[in-house]
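What follows is a set of notes on a single structure, which appears directly below.
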Amino acid sequence: MVPDLTVDEGRRDMNPSTQEIQQNELEALRAIYMDDYKDVKPETVWKIAQYAPEFVVKIRSLDEQYREKVHVGLHVRFTKTYPNTAPQLALQEVFGLNDSQVSVAIQELQKKASQMIGSEMVYDLCTWLEEYVTNNNIADQITGHSFHDEMMQRAKARNEDIQKQARKIRQHQLEQQREDRQKLEEMIKAEVTRKEENLLKQKRHLSYSLASGEDPESMYRMVGQWAHQLRELRFESPVTVDHQPGVARSNMFNSVVLERTGLRNGLYRVMNAYPIDPDLIGHVNRAQRYIVHEYVIDNDYYLEGGSGEKELQKVVHEIQELTYVRHAHLVPVYATMIQAMEGKGQRLYVLMESYGEAIGSNNTLRTVLN
């Protein structure tokens, strides 16, 4: 009943943009289905691994009492031109469906796949299959379990329901991050255009000496390199910053553009942060600079719930309390937030005043304590 999934040609024949689309979809599916997602690594008769994204997603009944009785593995293999061609589909490890129901399911999946050519479709196919196995199954004919087994199954079903809600939240976060990236790209284009216009004005008024060896085109390359290092960070609530005497700046904003500095500590990376003007779309205030510490949290202890996750939330709460603390010899902390990473892990961001504006050169730990 499982069709032969023959191996396509290697990665070298794939269009780079098509490959990027496939990888982005795979990352999203891993984040949504977690333990129910498994990668498959096909090999040739010579035991040589071939590049052709292939995986199995376990699809379960939406009915809690049948989640362990009714489930099926959706075996998917991308073609080298997916999503411009339909993927290869098969069903395996079927529980709770008879042969006729499986036959109808695979026919409908292939039909729907052909209708969605041109766009990512696996998540939609999984959603349809979930509804199908929920409404079409032979679970009532399966021998029931003992009272203890039923109790354990209900407890496991409740836990899986919690995980499903977490997957939905994570999916929403990933979609929000994609929207943020798109907006950031638009802002970067606007900023690059503005800088190019300024450079053209300067170029009209400056004369470059051939003997000096200066290259005006290098200025444009610098603009492109700068724009490539930017990304947006949006806070859940407006950020209010302190007024600096003699410094004209906005005291409230929702988002900042992060710029790499190359500075890194054993625990965090230091980045410049520039506010995005909420009233002028695409305008980044480069004259108003802050500092962001970025912590990457990818240890399973802090990601799988339980005491580790509680400890992490406690740390975030304590950092948030620092936003109310002000002292002449302390760097003001303005905001903190946790953001899910694509795939596995989280990032903790701490927004604070620029070091140079907050700490004098003669400050020591003793003066702070005094």
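Laboratory data are not the source of any read-out in this text; all were calculated from the coordinates shown. All of these numbers come straight from a predicted model, not from anything done at the bench. Don't worry about glycine lacking a Cβ; one is built from the backbone with ideal geometry, like all the others, and counts go over all protein chains shown.
Shown is the FRET efficiency for Gln320 and Asp35, computed with R0 = 22 Å from the Cβ-Cβ distance and rounded to the nearest 0.05: 0.10. Here the calculated FRET efficiency for Lys344 and Gln115, from their Cβ-Cβ distance with R0 = 45 Å, stands at 0.85, rounded to the nearest 0.05. Measuring nothing but alpha carbons in segment 56-198 and taking Rh as the Kirkwood radius, the Rg to Rh ratio lands at 1.16. The slack in the chain from Ile297 to Trp128, taken as 0.36 nm per residue of separation less the alpha-carbon distance, amounts to 57.4 nm. Indicate the gyration tensor shape class of segment 85-124 (rounded, prolate or oblate), computed on the Cα atoms with a ≥ b ≥ c the square roots of the eigenvalues: a/c under 1.5 is rounded; otherwise a/b larger than b/c is prolate and the rest oblate. Prolate is the answer for segment 85-124, as a/c is 1.5 or above and a/b outweighs b/c. Applying 1/(1 + (r/R0)^6) with r as the Cβ-Cβ distance of Glu185 and Glu64 and R0 = 51 angstrom yields a FRET efficiency of 0.75.
Legend: residue pairs Lys189/Lys314; Lys69/Lys344; Lys41/Lys189, Cα-Cα distance threshold 32 Å; pairs beyond threshold, Lys189/Lys314; Lys41/Lys189.
Taking amide H positions as modeled 1.01 Å from N, with prolines and chain starts lacking one, no residue 5 or more places away or on another chain lies under 5 Å from Lys344.
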